1. What is the spin-label model distance, in nm, from residue 339 to residue 294 if the labels are put 7 Å beyond Cα along the C-beta direction?
2. Expressed in nm to one decimal, what extension gain is obtained for the pair residue 113 and residue 231 from 0.36 nm per residue of sequence separation less their Cα-Cα distance?
3. How far is it, in nm, from the label point at residue 361 to the one at residue 70 when both lie 7 Å from their Cα along the line to the Cβ?
4. Let me have the relative contact order for segment 2-145, percent, based on Cα pairs under 8 Å that are six or more residues apart.
5. In nm, what is the difference between 0.36 nm times the number of residues separating residue 80 and residue 314 and their Cα-Cα distance?
6. In µm²/s, what is D for segment 2-145 at 20 °C and 1.002 mPa s, where D = kT/(6 pi eta Rh) by Stokes-Einstein and Rh is the Kirkwood radius from Cα pairs?
7. What translational D, rounded to a whole number of µm²/s, comes out for segment 150-314 from Stokes-Einstein when the hydrodynamic radius is the Kirkwood one over Cα pairs, at 4 °C and 1.567 mPa s?
8. Okay, helix-only estimate at 222 nm for the chain: each DSSP H run of n ≥ 4 adds -39500 (n - 2.57), divide by all residues, round to 500 deg cm²/dmol; what do you get?
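Rule-based calculations on the coordinates, nothing more; no lab input. Keep in mind that what you see is a predicted model, and the values were worked out from it rather than measured. Backbone-built Cβ (ideal geometry, glycine too); neighbour counts: all protein chains shown.
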């Protein structure tokens, strides 16, 4: 029986991972980690009976211990607790589904503890890919992508020689504002941006999808996962979200992975690789679908994607500045403190003014995040 630790268990990816586990009888949860959703975590602990449960603060831990006083579970908290959940000796694979750069350190500690990683935290590779991938190689650890696009690329590369890849075709839905002008985007509210046409996701990633910053992060993540430069990752808008991504080879042949837009498919594939299991998702009916269409991304309207290619080209600490600026900007937008079009403006400002470091270590990456936050707070 494969044993699983889930970091970010109460979020969108975490709850869908638990649904996959619930529907299969041969996976065991040994650790669950969440931030502030104590009651939701308590429900998960009662159902899946992990040995360890982690929350974000001492106060949340006290509340969780009260809720679970009759349960034989050890409650920990903070970054130390998150690391403990990530590096549990009993775990075979760690699902990293926490949001933001807080995933870097526990992911690194899980790798050092020789745990395979089901990666759903793209910020880890965007900001620290040069460190994470080298450590995974040194430790003999496999990293299985959980993002639907990167899982599709991973599946398309099965049995292929990576040296024969010509380019990666990273698909995008285009989000809720596909085809809109900048004038139309000026009036976008958080409620507008949270209505994704195809996917059910958490609020931060849903906003990122609407700005196409999420696709920019995926471009930078892909270059580390598949050892290709960002210039060989081409974004293709595919509004139906049926083709999840493709790989073109030097002979012109293209391999693609298709399926319904259901995140449980890449999650389950990562947990059971190289095997597949029955999944009760809606199957694609090509006669009902009728057609699959493609468009070029609008880099002049959705400048977040254009800035991502610039960040990838500059490298070093600039992708961290890009990511940190976006995280804070999205938070400010959701709380009504800035306008929608301020998000890419804030990212561009951070990239222009952040200190450049060519090969930052983890401490320097986290310091870049802190300095970018201070820079933005002082201006917006």
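1. 3.6
2. Values: separation 118, 0.36 × 118 = 42.48 nm, distance 3.36 nm.
Computed gain between residue 113 and residue 231 is 39.1 nm.
3. 5.0
4. Numbers: 282 pairs, mean separation 32.8, N = 144.
Relative contact order of segment 2-145: 23 percent.
5. Numbers: separation 234, 0.36 × 234 = 84.24 nm, distance 3.30 nm.
Value of the extension gain: 80.9 nm.
6. Working: Rh = 14.8 Å.
In µm²/s, the coefficient is 145.
7. Working: Rh = 16.8 Å.
Rounded to a whole number, D works out at 77 µm²/s.
8. On the way: 17 runs with 177 residues, N = 380.
It comes out at -14000 deg cm²/dmol, rounded to the nearest 500.
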